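Asks: One structure, pasted below without further comment.
The values are calculated or read from the model by the stated rules, or taken from the named source; none is laboratory data. Not measured: the values here are computed from a predicted model. Ideal geometry is used to build each Cβ from the backbone, glycine not excepted, and the neighbour counts take in all protein chains shown. For the accessible areas, the whole protein counts, side chains as well, though only heavy atoms, and no ligand, DNA or RNA atoms are used. Shrake-Rupley method; radii C 1.70, N 1.55, O 1.52, S 1.80 Å.
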Amino acid sequence: MDDPNGGLEQLLAELRPKLHRYCARMTGSVIDGEDVVQEALAKAIEAFPDAGAIDHVEGWLFRIAHNAALDFLRRRVRENATRSDEDLEMVVDPVSGARDHQIAAASLRTFMRLPVAQRSAVVLMDVLGYSLDEIAGIVNLSVAAIKAALHRGRARLRELAQEPEDLPLPVLAEPERSLLATYVDRFNARDFDAVRDMLAEEVRLELVNKLRVRGRSDVGNYFTRYAQVEDWFFVLGLVDRQPAVLVRDPTNLGAQPSYFVLLEWAGDRLLNIRDFRFARYAIEGAELVVLD
């Protein structure tokens with residue numbers, strides 16, 4: 001059967017990890033970045049039938065993602081404007097086409113300390129490798145403005161790289177810590193009946209990039225599928241300073257976690273499960289902490 005969207009859905013699947021790398025650095029969180037990606041993909045699918053001829057579909061998608069990220073930041077009241085106040089004529093250094101690997105490796109929290117225009121320009125060029133003209137098309141700014149944003153953003157990131165990141169770890173308070181620990185212990189023991197006993201009647205499951213279901217019966221099938229595979233071991237941790245279940249390869253427990261699961265509680269009942277098993281791209285760049 002022909003794809004009614006002219007191959008758009010396949011392109012979305014291919015670009016989703018790249019879109020996430022951008023959105024995570026724009027929002028400062030791999031979790032919020034996935035929210036923005038989902039919003040952008042929904043907008044793209046809705047707009048595509050009436051968009052007419054699109055010369056560069058990838059640039060069109062990134063423009064939608066960029067605007068979705070700005071909308072997110074406005075809602076979160078992180079920034080008060082979409083454009084920085086740079087003097088567009090003050091371009092001191094030439095723009096190199098080569099990526100700055102120190103900048104590309106900066107933490108998501110560090111990127112958040114840049115103004116939006118600088119952040120966007122640096123991520124698009126130094127992390128994702130887009131050209132000046134491509135970036136200008138995505139963010140709807142002039143090439144001169146992009147050059148200024150790159151110069152100031154790169155300089156600021158190099159300054160920030162010299163500063164220690166000494167924020168204290170958040171405290172995982174009771175009863176959430178005990179609930180998470182119990183969930184992890186029961187999962188690793190493969191006592192899925194005991195795990196099901198923790199579910200709220202109205203529990204919701206999102207297997208990111210795969211499916212969404214709700215209700216104890218339908219969500220219960222999720223545990224049946226986990227029982228059929230052996231490629232996971234759960235540990236208690238933090239993802240971008242949020243409580244999470246980190247998932248490791250049981251044959252190599254010393255390796256970095258390959259994905260994570262977020263849980264939300266209503267009292268002592270599990271209300272929301274957000275599992276990134278089918279969206280492993282989301283862990284790239286995340287701040288991960290394993291809790292004892």
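Asks: Based solely on C-alpha atoms, express the radius of gyration and the Dmax of the chain in angstrom.
Replies: Calculated on Cα positions, Rg and Dmax stand at 21.0, 65 Å.
Asks: What size of dipole, in debye to the nearest 20, comes out for the chain about its Cα centre when the only charges are +1 on Lys and Arg C-beta atoms and -1 on Asp and Glu C-beta atoms? Don't skip to the end; give the middle numbers.
Replies: Numbers: 36 positive and 47 negative charges, 44 e Å.
Its charge dipole is roughly 200 debye.
Asks: Now for a different question. Under the Karplus relation 6.51 cos²θ - 1.76 cosθ + 1.60, θ = phi - 60°, what is the ordered set of whole-Hz ³J(HN,Hα) values for the stretch 50-62, x standing for Gly and Pro?
Replies: Computed from phi, the couplings for the stretch 50-62 are 9, 7, x, 6, 10, 5, 9, 5, 4, x, 4, 5, 5 Hz.
Asks: Please compute the length gained on full extension between ASP292 and GLU174, using 0.36 nm multiplied by the number of residues separating them and subtracting their Cα-Cα distance.
Replies: Result: 41.0 nm gained on full extension.
Asks: When the solvent-accessible surface of protein heavy atoms is calculated with a 1.4 angstrom probe, in what order do ASP218, ASP275 fall, highest first?
Replies: From most exposed to least exposed: ASP218, ASP275.
Asks: Which FRET efficiency value, to the nearest 0.05, is calculated for ALA144 and LEU11 with the Förster distance at 41 angstrom and r the Cβ-Cβ distance?
Replies: 0.85
Asks: Separate question: Can you work out ³J(HN,Hα) from phi for every residue in the stretch 207-223, in order, using Karplus 6.51 cos²θ - 1.76 cosθ + 1.60 and θ = phi - 60°, giving whole Hz and x for Gly and Pro?
Replies: Calculated HN-Hα couplings, in order: 8, 4, 6, 9, 7, 9, 9, 8, x, 4, 5, 5, 5, x, 5, 4, 6 Hz.
Asks: As a test of the formula, what do you get for the chain when each DSSP H run with n ≥ 4 contributes -39,500 (n - 2.57) and the sum is divided by the residue count, at 222 nm and rounded to the nearest 500 deg cm²/dmol?
Replies: -14000 deg cm²/dmol
Asks: Quick query: amide H of ARG269 versus all other amide H atoms, modeled in the peptide plane; which residues come in under 5 Å with a sequence gap of 5 or more or a different chain?
Replies: Under 5 Å from the amide H of ARG269: no residue qualifies.
Asks: With a ≥ b ≥ c taken as the square roots of the eigenvalues of the C-alpha gyration tensor of the stretch 97-226, please select rounded if a/c is under 1.5 and otherwise prolate if a/b is larger than b/c or oblate if it is not?
Replies: Numbers: a/c = 3.66, a/b = 2.14, b/c = 1.71.
Prolate.
Asks: Okay, next question. Compute the Cα gyration tensor for the stretch 171-279, then decide on rounded, prolate or oblate, letting a ≥ b ≥ c be the square roots of its eigenvalues: rounded whenever a/c is under 1.5, prolate when a/b is larger than b/c in the other cases, and oblate in all that remain.
Replies: It comes out rounded by the Cα gyration axes.
Asks: Using θ = phi - 60° and the Karplus curve 6.51 cos²θ - 1.76 cosθ + 1.60, what whole-Hz ³J(HN,Hα) does each residue of the stretch 281-292 get, with Gly and Pro shown as x?
Replies: 4, 5, 7, 5, x, 6, 7, 10, 9, 8, 9, 6
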